[in-house]
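> Sending over a structure as structure tokens; questions will come in a sec.
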Amino acid sequence: MVLNDITTDHFVNRLGVDKNKIFKIQNGVNLQKYSPLDVAKVDNFKEKENLKNAKIILQVGSVCERKNQLGTVKMLTEFFKDNPDVVYLYSGGIVDAEYKNAITNYAKENGIEAQVKYLGELAPGEELNHYYNAASCCVFTSNLESFGLVIIESISAGTPVIVGKNLMFALEGGYSIYNSQKEFVMLVEEALRSDKQKQNITQFAQKFSWDQVAQNHSNIFNK
């Protein structure tokens with residue numbers, strides 16, 4: 001089983017695997033745990049976390065070069081300087097301590113350390129869902145992404161996503177793809193200006209529900 005069509009293509013054309021023996025089953029998300037919260041709950045959460053007046057950009061994933069958090073910060077450096085109320089929050093296990101230090105040092109050297117905050121590893125479920133809801137957008141600038149479960153979680157929570165053109169799987173909606181730094185900043189700016197609560201994007205996560213993914217697995221064995 002594979003997560004995306006590109007992997008299928010590699011198996012067939014590079015390794016000579018019979019295409020009929022390859023099945024694409026994508027990851028699933030708990031639609032009940034990752035869902036939109038009402039405005040009052042989000043406001044209370046932001047106040048509790050000292051983010052009351054902040055516009056939040058969120059990135060979730062292991063802290064390492066492949067996930068490219070430093071690249072995100074670099075692309076947004078001038079935007080941060082022009083918009084002091086915008087903060088970039090990133091969360092995930094630290095795979096590469098030197099890489100994490102490089103992010104911290106870069107932020108300090110460029111005078112944006114107050115706007116670049118590491119959250120540590122957030123607990124899946126309620127805690128992470130609160131951060132998805134508090135964010136105006138989630139960004140995923142990974143150098144390689146086979147199937148980003150956090151992308152589906154964010155969309156399920158009602159928060160739009162901005163991803164790079166190297167995304168290896170397709171969704172029906174809820175996200176935007178950037179092809180350059182200029183386009184990335186433009187999409188972030190648009191997301192921060194829009195009213196996230198009015199965006200009906202949760203529908204695009206429906207086909208990734210646990211029930212649907214379980215049914216997809218079952219269908220393979222019933223053939």
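The values are calculated or read from the model by the stated rules, or taken from the named source; none is laboratory data. All values derive from a computational prediction rather than experimental measurement. Cβ: placed from backbone, ideal geometry, glycine included. Neighbour counts: every protein chain shown. We work out accessible area using only protein heavy atoms, side chains counted, and drop any ligands, DNA or RNA first. Shrake-Rupley method; radii C 1.70, N 1.55, O 1.52, S 1.80 Å.
> Which ³J(HN,Hα) values in Hz, rounded to whole numbers, follow from the phi angles of the stretch 96-101 under the Karplus curve 6.51 cos²θ - 1.76 cosθ + 1.60, where θ = phi - 60° and Gly and Pro get x?
Coupling constants for the stretch 96-101: 10, 4, 5, 5, 4, 4 Hz.
> Using the beta-carbon distance between ASP85 and GLU172 and R0 = 41 Å, what value does 1/(1 + (r/R0)^6) give for FRET efficiency, to the nearest 0.05?
Working: r = 33 Å, r/R0 = 0.79.
That gives a FRET efficiency of 0.80.
> Carbon and sulfur together cover what percent of the accessible area of the stretch 44-168 at a 1.4 Å probe radius?
Details: 2290 of 5140 Å².
It is 44 percent, rounded to a whole number.
> What is the distance, in nm, between label points placed 7 Å from the Cα along the Cα-to-Cβ direction at GLU98 and at GLN181?
The answer from the label model is 2.4 nm.
> So if we plug the beta-carbon distance of GLU189 and GLU113 into 1/(1 + (r/R0)^6) with R0 = 22 Å, what FRET efficiency do we get, rounded to 0.05? Provide the component values of the computation, followed by the final result.
On the way: r = 22 Å, r/R0 = 0.98.
Computed FRET efficiency for GLU189 and GLU113 comes out at 0.55.
> Lys and Arg at +1, Asp and Glu at -1: add these up for the other residues within a Cβ distance under 11 Å of ASP85 and post the number. Display every interim value, and only then the final one.
Working: positive: LYS52, LYS55; negative: ASP82.
Residues near ASP85 contribute +1 overall.
> Output ³J(HN,Hα) for the stretch 72-88: one whole-Hz value per residue in order, computed from phi by the Karplus curve 6.51 cos²θ - 1.76 cosθ + 1.60 with θ = phi - 60°, and x for Gly and Pro.
After applying 6.51 cos²θ - 1.76 cosθ + 1.60, I find 4, 4, 5, 5, 9, 3, 5, 4, 4, 4, 7, 9, x, 8, 8, 10, 10 Hz.
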